[in-house]
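Before any comments, here is the structure.
Bear in mind that the values in this text are calculations on the coordinates, not laboratory data. Treat the numbers as computed from the prediction; the structure is a model and nothing was measured. Cβ coordinates were reconstructed from backbone atoms using ideal geometry, including for glycine residues, and neighbour counts include every protein chain displayed.
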Amino acid sequence: MSKQITNTLMMIRPVAFHMNEQTAVNNYYQKTIAGLSKEEIQENALTEFDGFVKKLRAEGVEVLVFDDTLEPETPDSIFPNNWVSFHESGEVILYPMYAENRRLERRDDLLADLGKNFNITTISGYVDWEAKNKFLEGTGSLILDRQHKIAYAAISERTHPEVLKEFHKHTGFDIVSFQANQTVNGERLPIYHTNVMMCLGEEFALICAQSIDDELEKSAVIRSFENTGKEVIFITEEQKERFAGNMLQVLNDKNERYIVMSESAFKSLDEAQKDQLSKHGKLLYSSLDTIECLGGGSARCMMAEVFLPKK
């Protein structure tokens with residue numbers, strides 16, 4: 001059976017982080033911060049990034065950090081899990097991205113660098129779908145149960161059913177798709193990425209079930225969790241707004257388990273939820289306020305899991 005969690009993460013250190021106007025059209029988590037210059041925004045984001053990496057490394061998690069480049073301009077490069085996924089077979093999969101400036105985040109030099117220490121057997125993907133305006137944004141769109149070969153996906157402008165079908169044909173993962181919404185100005189609109197409302201560990205599934213308005217779809221998702229032996233942990237829509245759905249279970253060098261999240265997510269949880277999660281790993285959190293506010297993503301989005309075999 002495939003591994004569900006890894007002790008190796010790839011992260012991209014920002015050089016010019018700022019709000020990406022191209023993604024803000026359908027990422028309703030992005031907010032402006034008044035009174036901060038571009039330099040101050042970058043400085044804040046860098047402090048948050050470095051602090052986060054330091055905490056992960058202090059616990060024995062291997063973090064491979066690559067610096068972003070000033071050219072081309074890629075304000076969302078801090079979220080690499082959307083353009084690439086790494087697999088135990090040695091396969092690297094590249095994904096079609098909704099925002100044109102996010103397509104520039106895909107970097108051959110970075111993959112070549114990884115190839116020095118990891119076995120990369122094939123580089124494949126679905127980037128041709130960009131020409132048809134159909135997208136699938138990596139493990140933002142796909143919550144992968146690698147052990148049971150199931151991919152959970154909330155349909156949105158960034159998660160297209162046709163590209164999901166190709167992912168199914170290519171990988172053999174069964175697809176459990178559904179509509180997940182959030183309330184924006186009194187209207188129910190699609191959540192831009194599945195990983196904002198759902199997180200999957202080895203033996204647990206955390207979900208904002210309130211965001212799935214269709215009762216049949218909601219039941220099907222929860223039944224799938226239960227059929228694969230996951231303890232289901234529920235969060236509210238208010239907690240989801242504070243990125244409590246955007247967590248990741250990781251390992252350290254001693255095979256100890258951690259549940260990684262932002263400080264905002266941690267503070268939103270009640271004691272019962274913390275107790276439930278703590279059964280599956282030590283809770284590790286870091287302040288990511290600037291990145292969450294302007295980027296509309298959080299801890300999980302910043303970590304691309306590396307499952308590639310080491311040389």
*asked:* Report the gain in length on full extension from SER2 to LEU64: 0.36 nm times residue separation, minus Cα-Cα distance, nm rounded to one decimal.
replied: 20.1 nm
*Given H placed 1.01 Å from N in the peptide plane, which residues other than close sequence neighbours of VAL63 have an amide H under 5 Å from its amide H?*
LEU9
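Please order LYS134, LYS165 by the number of other Cβ within 10 Å, starting at the fewest. Please list the in-between numbers first.
Details: LYS134 20, LYS165 12.
Taking fewest neighbouring Cβ atoms as first place, the list is LYS165, LYS134.
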*If you rank MET197, MET10 by fewest surrounding Cβ atoms within 10 Å, what's the result?*
MET10, MET197
_Using a Förster radius of 22 Å, what is the FRET efficiency between SER37 and ARG13 based on their Cβ-Cβ separation? Nearest 0.05, please._
0.65
*If each of GLU166 and LYS254 carries a label point 7 Å out from its Cα toward its Cβ, how far apart are those two points in nm?*
4.5 nm
*Hey, which aspartates and glutamates would be in cross-link range of LYS254, C-alpha to C-alpha under 20 Å, not counting anything within fewer than 8 residues on its own chain?*
GLU59, GLU62, GLU88, GLU202, GLU203, GLU305
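Treating only the Cβ atoms of Lys and Arg (+1) and Asp and Glu (-1) as charged, compute the dipole magnitude of the stretch 8-305 about its Cα centre; round to the nearest 20 debye. Write down the numbers at each step before the final one.
Numbers: 31 positive and 49 negative charges, 100 e Å.
It comes to approximately 480 debye.
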*With each label point set 7 Å from Cα along the Cα-Cβ vector, what nm distance links ASN117 and LEU189?*
4.1 nm
*Show the residues, 5+ positions off or on another chain, whose built amide H is closer than 5 Å to the amide H of GLU202.*
none
*Nonlocal amide H pairs with ILE212, under 5 Å, H built at 1.01 Å*: ASN181
*Between their Cα atoms, which of LYS3/LYS240; LYS132/LYS310; LYS54/LYS279; LYS116/LYS267; LYS149/LYS240 are more than 29 Å away from each other?*
LYS132/LYS310; LYS116/LYS267
*In whole Å, what is the distance between the alpha-carbon centres of the stretch 277-302 and the stretch 124-196?*
21 Å
*Quick one: order TRP83, TRP129 by neighbouring beta-carbon count within 10 Å, fewest to most.*
TRP129, TRP83
_Dipole magnitude (debye, nearest 20) for the stretch 35-168, charges at Cβ of Lys, Arg, Asp, Glu_ = 560 debye
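What's the FRET efficiency of ASP109 with ASN133 using the Cβ-Cβ distance as r and R₀ = 35 Å, to the nearest 0.05? Intermediate results must be reported in sequence, preceding the final value.
Numbers: r = 28 Å, r/R0 = 0.79.
That pair, ASP109 with ASN133, gives E of 0.80.
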